């Protein structure tokens, strides 16, 4: 827990390089932080899957694997309540509404577009801000 936080919640942040190879260790780091605070309960797989997709999208599509850019991860968990994760990239952004529906017949063979669908399946809230460079994820723990 963060010192001086009487509510029992945990909040923090860290950054990662824009390298695909860094994604698994960053997901592991996030999971361990949340687990140590008693926040994961039975939601670990959901958090792992959504975090992996969020970081992959930030690295690959947001920062375009540009080594001079970073991905910023902010987290806030309230045991028994919810987990909030914000993933920010340093890219130019995008319009989520313009991403083709991967379940539409004409897109079944497409290689992109499933990450957002997966995050929506695993999280209770998936929202983009800051012109699509900032992804907000929320998972209820109740």
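Please treat every number below as a calculation from the coordinates, not as lab data. These numbers were taken from a predicted model, which means no experiment stands behind them. Cβ coordinates were reconstructed from backbone atoms using ideal geometry, including for glycine residues, and neighbour counts include every protein chain displayed.
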In nm, what is the difference between 0.36 nm times the number of residues separating residue 81 and residue 104 and their Cα-Cα distance?
4.8 nm
Looking at the chain as a GNM with Cα springs under 10 Å, which of 52, 122, 94 has the largest mean-square fluctuation?
94
Rounded to one decimal in nm, the spacing of the 7 Å Cα→Cβ label points at residue 19 and residue 74 is 2.6 nm
Taking the chain as the reference, fit the longest principal axis to its C-alpha atoms, fit the long axis of helix 23-36 to the helix C-alpha atoms, and give the angle between the two in degrees, 0 to 90, nearest 10.
30 degrees
Percentage, to the nearest whole number, of Cα pairs in the range 73-142 over 15 Å apart
60 percent
Rank by packing, highest mean first: peptides 83-90, 61-68, with packing defined as the count of other Cβ atoms within 10 Å averaged across residues.
83-90, 61-68
Pairs of alpha-carbon atoms within less than 8 angstrom and 6+ residues apart define the contacts here; what relative contact order does the chain have, in percent?
27 percent
